[in-house]
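Enquirer: After the structure tokens below, expect a handful of questions from me.
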Amino acid sequence: MATMSTARERVKDEAKFTAGLRNRHLRGQIWMRFFQAAILLGLLALITLMFNVVNRVYGLTAVRDAVPVSTFSDRPLEELNASELAGILVAQLPSGGRVLVRDSLIGQENYNNNREAPLSQLIQGVTLPDDVGALTLAQLQPENTQVIFENAFTPEDMRLTIITDIVGREVLESWTWSESLFNRAAIDEKVASTADWEGAQLEWRSWLNFSFLTSRMTTVASESGVRAALLGSLLTIFLTVVVAFPLGVGTAIYLQEYSTGDHWFERLIETNIRNLAGVPSIIYGLLGLAIFVRALEGITQGRTIISAALTMALLILPVIIINAQEALRAVPPSIREASFGLGATKWQTVFRSVLPAAMPGILTGTILGMSRAIGETAPLIVIGASTFIANDPTLASRFTVLPIQIYNWTKDPREGFSEIAAATIVLLLIVLLLFNATAIILRQRFRRSLSA
Amino acid sequence: MKRYALNLHPNTFVRYQNRNLFSLYQWSTLKCLLNIVCDNTGLTPIHIRGQKQDMATTIEVKRKNGAIEAALANDASGRPRIEKRGRPFDDFMRYLLLACGTISVLTTLGIVWVLGSEALAFFTSVNDQGNVFSTVLGNLGNFLTGTQWQPGAGLFGIWPLLEATLMTSFMAMLVAVPLGLGAAVYLSEYASQRTRSTLKPVLEVLAGIPTVVYGYFAITFMTPLLQGVFGRDTVQFYNTASAGLVMGIMILPTIASMSEDALTAVPRALREASYGLGATKFETISKVVIPAGLSGILAAAIVGISRAVGETMIVALAAGAGPRFSFPPDFFVAAETMTGHIARISGGDLSYGSIDYQSLFAIGLALFIFTLLLNMLSRYVTNRFREAYQ
């Protein structure tokens, strides 16, 4: 009897175990799906983000000209030459274009201080014929103004001024690529029926185009370009790397090749770099504002690319140092020993043997730092990047960069600016892609030269 | 007198039968040099043909800077000596490199000094009560406990800003920790080598996207989505939920990759032992692998919080402008975080030395201390609870 009941219990236990096992495996399956879903969600987020941006770069746009070009010119503006464009400006602008001369060439304040001065003194950087240069602003005749415009502006500048100031072009609404494709009827209906939109023209438009890259900023979204921001970004990043690369690599070499880690100062540097890597970027902005913009204003000229680049250099220094240290650590000791065995000094060993061997890794780390710097926005806002920069930036001028423009245009509630923000994002991502591609190519090339 | 100029490794010198001989680096070099030295000093070269192990028994190698010169100069035998030639360029480069390293320390000092001095100026100048000490104390008390931030009225309580920061960070963690950990578990435990090599770069791309782009994403995608789901009446256009959710996506790759490192560091033997005891794959993961890698996962979460607290662009674009304190917290209304406030105020024309200008540094100081503590805590957790495996 006793054995039978044990056997029965055993069968019962086994059934319980089998059922329990099934449940345990089922639970495992469900959780595996959750883990899978987590990574798929990440993937989905990336796709959505990219699509959301690209979707806005191309689509239908309703544009209206307050004064169509045809009212003052029988040919499109693109076909006109400089003197014809200048002629239009003089004929169509209020007070024969004198206001434009004052605002964009002389400067309001400058003019108010020197009303009677001849134009040759007031207008800097433009060569004027002697008879025009001798006149004051009030004495200008239309034909004189036309000469000034021809000399001072490029045809592209004048075309833009005509569109913004005379034509008064306005983006009424723009639709995303998907809306334009799948909701065309509703868009046509809206354009036709909205009362205020008389004379609106609906056209397919790619917001990221060549003239977007090359033209200056304007107040009209459809004509605005990103040239100043692109140049600002490139200048800033160039100067940043020029400052940060030697400092970062130097620190890494010291910590990896010279430091024994025994001295308190060497340990301090090491700990400090780990801590700096975790400091929020906006804090660097405050540092830059107080030190580079304010305290060192004499050297950096205040809110300029120099200040921005120095701040950025401090920001990416930990990234460069940590990566360069990693690269130096990966250089096998045999290379150093061989160099010492040949009688090389410490510095000769470091500079001629270790550094070339570590260069691919160091460059990759530097480009990682550059990628961080080119997308970084917060410190530059604090430092005081400008929102509107019409002219090409120089090292000591006020500046803007691509991410700042994305920020400003995203905040801008006017129609069309969200789209040029999207176009700028695509441009920024392309620049980032180019950086990373360069990193990969550099790494390959160095590796080949080392193995050869 | 015959002189030998040798290139010697500066950190090593050799002690031979209680006599300092010279510094060297490699055994082969040692043999050549020993021959020379023995010729010149009259020592018998007994140990030269030994193995490296012999070197250890007969020759003590010590690391000490500059000991060679001292030792050789004291050699009063009058015989030819081996001297290390001075290397001024090498020494110069060493100090130049050290100077590079000093820049990073100066950066930290600069941050502390700038934030500290401006914050102190802020605490001494607002609401002057005559006595410097009581002014600072009173202002500091108001700063840390006040629930109103109205510079116009002289009210500088950090809680409205801090609350928004905590709300967005909380929201971000709500997204990033489960998803990041889930992704890490999948990558390290389930995914094949091939899947892993395709999925990891995707996460890296996500990590490399500039934060201002995430801000754009929040305002053009997440906010309309939330408004669509919960209704426009409940969800304001600027809200902390949208900013927090997108911030979570931004932090996800950080947490995923740090956690994955922690999980892959757990040795295979632990998993095998668990399977041997009859555990299923999931039981192994949840009861063995994750507890074993917990220190790394915790550290990842803390780093994630620190990044969320310091993140600026997403909140500057999507969370709204204007400090607002609400209790209980409402995630669907606009609020301004500490970083968002700094960005907005400094974006305008700010005159140096004004109260507004100084108040930014006080917020910055709070932010700096907050993130510094989090980062130190993360390192402490990693070191304190790390399981050392062979």
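Enquirer: Apply the Karplus curve 6.51 cos²θ - 1.76 cosθ + 1.60, θ = phi - 60°, to the phi angles in the range A:247-257 and return the couplings in whole Hz, x for Gly and Pro.
Expert: With coefficients 6.51, -1.76 and 1.60, one gets 4, x, 5, x, 4, 4, 4, 4, 5, 8, 9 Hz.
Enquirer: Further question: On C-alpha positions alone, give me the angle between the axis of helix A:142-152 and the longest principal axis of chain A, in degrees, nearest 10.
Expert: Long axis of A:142-152 versus the principal axis of chain A: about 30 degrees.
Enquirer: I would also like to ask the following. Which whole-number percent is the relative contact order of the range B:211-259 (Cα, under 8 Å, 6+ apart)?
Expert: With pairs under 8 Å counted, the relative contact order is 43 percent.
Enquirer: For helix A:417-451, what angle does its Cα long axis make with the longest principal axis of chain A, in degrees from 0 to 90 and rounded to 10?
Expert: Helix A:417-451 and the main axis of chain A meet at about 50 degrees.
Enquirer: To the nearest 20 debye, what charge dipole does the range A:227-451 have about its Cα centre, counting +1 at the Cβ of each Lys and Arg and -1 at the Cβ of each Asp and Glu?
Expert: The calculation lands at about 360 debye.
Enquirer: Shifting gears a bit: Using modelled backbone amide H atoms (1.01 Å from N, in-plane), which distant-in-sequence or interchain residues come within less than 5 Å of A:R169's amide H?
Expert: Hits under the 5 Å cutoff: A:A66.
Enquirer: Still on this model: Would you mind giving the mean number of other chain beta-carbons within 10 Å of the Cβ of each residue in B:365-372, as a whole number?
Expert: Numbers: counts 2, 0, 5, 6, 0, 1, 5, 5.
The mean count of partner-chain Cβ atoms within 10 Å per residue comes to 3.
Enquirer: Can you grab the distance from the C-alpha centre of the range A:420-437 to the C-alpha centre of the range B:151-178, Å, no decimals?
Expert: 31
Enquirer: Taking the Cα centre of each part, how many Å lie between the range A:382-401 and the range A:147-222?
Expert: If you average the Cα positions of each part, the centres end up 25 Å apart.
Enquirer: Report the chymotrypsin sites (Phe, Trp or Tyr not before Pro) located in the range B:298-390 that are in a DSSP loop and have at most 15 other Cβ atoms inside 10 Å of their Cβ, or state none.
Expert: Filter output for the range B:298-390: B:Y352, B:F385, B:Y389.
Enquirer: I've got another one for you. What accessible area per residue, rounded to a whole number of Å², is obtained for the range B:149-384 using a probe radius of 1.4 Å?
Expert: Accessible surface, normalised per residue, equals 38 Å².
Enquirer: Within 15 Å, Cβ to Cβ, of B:I285, how many net charges do the neighbouring residues add up to if Lys/Arg are +1 and Asp/Glu are -1?
Expert: +3
Enquirer: Please compute, for peptide A:418-430, the average count of beta-carbon atoms on other protein chains lying within 10 Å of each residue's beta-carbon.
Expert: Working: counts 3, 0, 0, 6, 3, 0, 3, 6, 1, 0, 4, 5, 0.
Average per residue, whole number: 2.
Enquirer: Residues with amide H under 5 Å of B:F156's amide H, sequence separation 5 or more or different chain, H placed in the peptide plane at 1.01 Å from N; which?
Expert: Those lying under 5 Å, H to H, from B:F156 are B:Q150.
Enquirer: Based on alpha-carbon centroids, what's the gap between the range B:303-344 and the range B:240-284 in Å, whole number please?
Expert: 29
Enquirer: Enumerate the calculated ³J(HN,Hα) couplings along the range A:409-416 in order (Karplus 6.51 cos²θ - 1.76 cosθ + 1.60, θ = phi - 60°), each rounded to whole Hz, writing x wherever the residue is Gly or Pro.
Expert: Here the 3J(HN,Hα) series is 6, 5, 6, 5, x, 5, 4, x Hz.
Enquirer: Taking 0.36 nm per intervening residue step and subtracting the Cα-Cα distance, what contour gain separates A:R352 from A:S70 on full extension?
Expert: Extra length available between A:R352 and A:S70 comes to 94.7 nm.
Enquirer: Work through the residues other than A:A309 whose Cβ is under 15 Å from its Cβ and net out their charges, Lys, Arg +1 and Asp, Glu -1.
Expert: So the environment of A:A309 carries a net charge of +2.
Enquirer: Percent of accessible area on the range B:149-384 owned by carbon and sulfur, 1.4 Å probe?
Expert: 65
Enquirer: For the range A:69-206, what class follows from the C-alpha gyration tensor (a ≥ b ≥ c being the square roots of its eigenvalues): rounded when a/c is under 1.5, otherwise prolate if a/b is larger than b/c, else oblate?
Expert: Since a/c reaches 1.5 and a/b is larger than b/c, the shape of the range A:69-206 is classed as prolate.
Enquirer: Take A:F51 and B:Y275, extend 7 Å from each Cα along the Cα→Cβ direction, and tell me the distance between the two endpoints in nm.
Expert: 3.8
Enquirer: What net charge do the residues around B:E118 carry, taking every other residue with its C-beta under 15 Å from that of B:E118, with Lys and Arg at +1 and Asp and Glu at -1?
Expert: Numbers: positive: A:R294; negative: B:D356.
Net local charge, B:E118 excluded: 0.
Enquirer: For a paramagnetic label modelled at 7 Å from the Cα of A:F210 toward its Cβ, which residues of the range A:69-90 fall within the zone defined by backbone nitrogen distances under 20 Å?
Expert: A:76-82
Enquirer: Compute the distance in nm between two label points, each set 7 Å from the Cα along the Cα-to-Cβ direction, one at A:R10 and one at B:A265.
Expert: 4.7
Enquirer: Next up: If you count, for each residue, the other Cβ atoms within 10 Å and average over each peptide, how do B:218-227, A:104-113 line up from highest to lowest? Each step should come with its number before you reach the end.
Expert: Numbers: B:218-227: 20.9, A:104-113: 13.6.
Order by mean packing, descending: B:218-227, A:104-113.
Enquirer: Another question, then. Report the number of Lys pairs in the protein assembly as shown whose alpha-carbons are under 24 Å apart, with separation of 8 or more residues or on distinct chains.
Expert: The number of close lysine pairs in the protein assembly as shown is 18.
Enquirer: I'd like to compare B:296-309, A:81-94: which one has the highest average count of other Cβ atoms within 10 Å, and what's the full order after that?
Expert: B:296-309, A:81-94
Enquirer: In nm, to one decimal, how far is the modelled label at B:L137 from the one at A:N183, with both set 7 Å along Cα→Cβ?
Expert: Label-label distance for B:L137 and A:N183, simple model: 6.2 nm.
Enquirer: If you don't mind, another one. Highest mean first, how do A:204-214, A:238-248 rank when packing is the count of other Cβ atoms within 10 Å averaged over residues?
Expert: Values: A:204-214: 15.2, A:238-248: 20.0.
By packing density, highest mean first, the sequence is A:238-248, A:204-214.
Enquirer: With r defined as the distance between the Cβ atoms of A:S95 and A:R414 and R0 fixed at 22 Å, what FRET efficiency is calculated, to the nearest 0.05? Please list the in-between numbers first.
Expert: Working: r = 28 Å, r/R0 = 1.26.
Calculated value: 0.20.
Enquirer: Where does chain A land at 222 nm, in deg cm²/dmol rounded to the nearest 500, when only DSSP H runs of n ≥ 4 count, each adding -39500 (n - 2.57), divided by all residues?
Expert: On the way: 20 runs with 279 residues, N = 452.
Dividing the helical sum by the residues of chain A leaves -20000 deg cm²/dmol.
Enquirer: On to the next question. Per residue of the range A:165-182, in order, report the coupling 6.51 cos²θ - 1.76 cosθ + 1.60 (Karplus, θ = phi - 60°) as ³J(HN,Hα) in whole Hz, putting x for Gly and Pro.
Expert: Those phi angles translate into 8, 9, 5, x, 5, 9, 8, 7, 7, 10, 10, 6, 4, 5, 4, 4, 6, 9 Hz.
Enquirer: To continue, here is another question. Using DSSP to define loop residues, name the chymotrypsin sites (Phe, Trp or Tyr not before Pro) in the range A:377-452 whose beta-carbon has at most 15 other beta-carbon atoms within 10 Å.
Expert: The qualifying sites are A:F388.
The values are calculated or read from the model by the stated rules, or taken from the named source; none is laboratory data. Everything quoted here is computed from the prediction, not taken from an experiment. Cβ coordinates were reconstructed from backbone atoms using ideal geometry, including for glycine residues, and neighbour counts include every protein chain displayed. All accessible areas refer to the heavy atoms of the entire protein, side chains included, with ligands and DNA or RNA removed. Shrake-Rupley method; radii C 1.70, N 1.55, O 1.52, S 1.80 Å.
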